[in-house]
1. Regarding the stretch 424-446, can at least one residue be identified that is open to solvent by less than 20 Å² (accessible area, probe 1.4 Å), among the hydrophobic types (A, V, I, L, M, F, W, C) and modelled with pLDDT of 90 or more?
2. Where the second residue is open to solvent by 10 Å² or more (accessible area, probe 1.4 Å) and not in a helix (DSSP H, G or I) and the first is under 30 Å from Thr332 (Cβ atoms) and lies in the stretch 350-376, which pairs have Cβ atoms under 9 Å and are six or more apart or on separate chains?
3. Which of the numbered conditions does Met256 fail, given that it passes all the others? Conditions: (1) part of a helix (DSSP H, G or I); (2) of a type outside the set (Lys, Arg); (3) surrounded by fewer than 16 Cβ atoms within 10 Å (Cβ to Cβ).
4. Out of everything in the stretch 243-261 that is in contact with a helix residue (DSSP H, G or I) (Cβ under 8 Å, 6 or more places away or on another chain) and of a type outside the set (A, V, I, L, M, F, W, C), what residue ends up being modelled with the highest pLDDT?
5. Can you pull out the residues in the stretch 45-95 that are in contact with a helix residue (DSSP H, G or I) (Cβ under 6 Å, 6 or more places away or on another chain) and part of a loop (DSSP other than H, G, I, E, B)?
6. Scan Leu100, Leu133, Leu163 and give me the residue that is surrounded by fewer than 23 Cβ atoms within 10 Å (Cβ to Cβ) and farther than 26 Å from Ser201 by Cα.
7. Just to verify a result, which residue in the stretch 180-208, among those that are among the small types (Gly, Ala, Ser) and modelled with pLDDT of 85 or more, is farthest from Leu85 (Cα to Cα)?
8. For the stretch 67-86, name all the residues that are touching a residue at least 40 places away in the same chain (Cβ under 8 Å) and small (Gly, Ala, Ser).
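The values are calculated or read from the model by the stated rules, or taken from the named source; none is laboratory data. Fair warning: this is a prediction, and the values are worked out from it, not measured in the lab. No Cβ is skipped: glycine too gets one built from the backbone with ideal geometry, and neighbour counts run over all protein chains shown. Side chains are part of the model used for accessible areas, which takes the heavy atoms of the whole protein and leaves out ligands, DNA and RNA. Shrake-Rupley method; radii C 1.70, N 1.55, O 1.52, S 1.80 Å.
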Amino acid sequence: MAESSSRNKMSPAELLIVLVISLGSFMAGLDATIVNIALPTIAKAFSITTVTSSWVLNAYLIVLVSLLLVSARLGDMKGYRKVFLSGFTVFTVGSVLCGLSPSIDFLILARVLQAVGGAIISALGAVMVTTYLSAALRGQALGIVAMFTMLGAALGPVIGGFLTSAFSWQYIFFVNVPVGIVAILLGLRVLPHTAPVTPNSNLDLPGVVLITIALSTLIFGLTTIAGSARSAGVVALVIAVIFWPLFLLREKSAKMPLVNLKLFKNRSFTFQNFGVMIIQMGMAGVMILMPFYLELVKHLPTDNAGTVLLALPIGMILTSPLAGRISDVIGTKKPIIGGFVIAVLGLLLLSTLSAHSNVGHSAIYLFILGAGTGIAYAPLNSAIMGISPPEHRGSASGLIKMMTNLGSSLGVALVMLVATAALGPKLAEVSAHTIPMEELAMSFDAAFLFLMVMEIVGIVLMLPVKETETDFSSEEAPVAAI
């Protein structure tokens with residue numbers, strides 16, 4: 001008994017390993033929310049439109065979601081330590097370049113580089129914990145990693161608002177540099193050297209190219225079709241319609257595909273993965289619009305707006321562990337549907353915000369949305385992993401991460417499309433600072449109602465899902481817009 005108890009405690013070396021991985025998760029969580037709060041300031045600094053400024057986030061998300069699966073495969077082929085530290089280095093260098101950006105074009109390109117590193121950090125964290133630590137310590141270690149992820153997401157709006165107000169928007173990127181340097185130096189010292197899992201496997205390069213083109217054209221088309229570049233948006237969507245089937249055909253025939261399409265033969269697996277995407281769409285869409293509402297409609301200072309936005313991740317942090325424990329007792333289906341229902345309520349309340357609404361109400365509504373997201377996400381994660389065959393759980397984990405980030409990308413693009421349709425093309429053609437605040441608030445309300453409808457679709461998808469017994473722990477926190 002004493003020996004068993006001692007193995008439930010991490011050694012100092014194991015704690016340092018978890019700390020390095022957690023620093024990566026912290027940075028990933030931080031960058032998921034720290035940029036949003038500064039978008040109005042960035043748009044004003046470069047004299048660009050609201051839609052153009054959203055590409056500071058879109059570019060990052062497109063590259064991130066496109067490279068998650070390939071990053072995991074590279075780790076298997078080249079070794080987790082080598083690839084993970086390389087990703088950390090790329091992320092840190094990209095952060096420096098973002099802060100030094102002299103133009104919006106340079107900033108977007110630097111965000112692309114940053115996203116390459118972010119994809120590697122995000123993709124390899126969980127598998128490194130599984131590889132480096134014993135089975136008795138994995139749950140505890142993954143809990144620490146999840147906590148750091150949510151801590152980064154929670155602190156993002158506050159840190160971003162403070163740095164933007166006290167210094168300038170550039171410092172939201174510079175803040176990554178010291179953390180990155182510490183993590184790289186510590187990682188070089190403590191991360192074990194292990195042999196690659198599949199050193200002789202091949203990378204599905206055609207699949208990487210196809211999904212990158214399919215995803216980037218989809219997001220670009222949705223973002224631009226309602227603006228002045230409507231023809232370019234239509235062309236991009238046509239290209240996306242062509243390349244998505246090509247990607248699926250490639251994955252079906254590839255010997256070592258990026259995505260194991262056989263998993264989607266299970267209807268519950270398919271619907272619940274779409275549930276992950278939908279719940280993330282709602283959160284990402286709100287987080288891209290609320291800084292503009294708080295700063296341009298309610299005229300809050302950037303740091304105060306960041307404090308208000310903190311309500312959403314706090315709601316997630318408080319509810320997700322509890323939802324995980326409850327789902328272990330009563331099953332996953334009821335908490336998932338309950339979370340979606342609460343998210344619908346939060347979005348309905350957000351759609352009532354106007355130029356004359358109380359800021360405190362905004363915080364309450366954001367908290368409700370965060371609570372619903374947290375309640376649904378953890379059981380969704382448990383359900384998907386639990387119904388996946390053991391030999392395919394690695395692929396299933398990668399798919400969850402991909403669907404999460406795909407939801408973030410679609411959420412940002414679609415709310416901009418809906419807001420532009422509601423307000424007219426001037427949202428995409430002129431700076432948001434020049435648009436009357438009543439009209440801005442109206443367009444944001446339309447976008448919130450659209451997200452509410454999507455959450456209702458999530459409820460409908462969950463209704464035919466059968467409750468299944470799982471042996472997979474659900475006490476993992478949701479990942480905020482990574």
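1. Within the stretch 424-446, not a single residue is open to solvent by less than 20 Å² (accessible area, probe 1.4 Å), among the hydrophobic types (A, V, I, L, M, F, W, C) and modelled with pLDDT of 90 or more.
2. As it stands, the answer is Ala363/Leu310; Tyr365/Thr352; Leu366/Leu310; Gly374/Ala477, since those pairs meet every condition given.
3. The one condition Met256 does not meet is (1).
4. Filtering first and then ranking leaves Arg250.
5. Passing the criteria: Ile48, Thr49, Ser54.
6. Values: Leu133 fails: farther than 26 Å from Ser201 by Cα; Leu163 fails: surrounded by fewer than 23 Cβ atoms within 10 Å (Cβ to Cβ).
None of the other options fit; the residue is Leu100.
7. To start, the set of residues in the stretch 180-208 that are among the small types (Gly, Ala, Ser) comprises 180, 183, 187, 195, 201, 207.
Keeping just the survivors that are modelled with pLDDT of 85 or more gives 180, 183, 187, 207.
Values: Gly180: 10, Ala183: 9, Gly187: 7, Gly207: 25 Å.
Looking at residues that are among the small types (Gly, Ala, Ser) and modelled with pLDDT of 85 or more, I get Gly207.
8. Our first condition is that a residue be touching a residue at least 40 places away in the same chain (Cβ under 8 Å); within the stretch 67-86, this holds for 67-81, 83-85.
Within the stretch 67-86, Ser71, Ala72, Gly75, Gly79 qualify.
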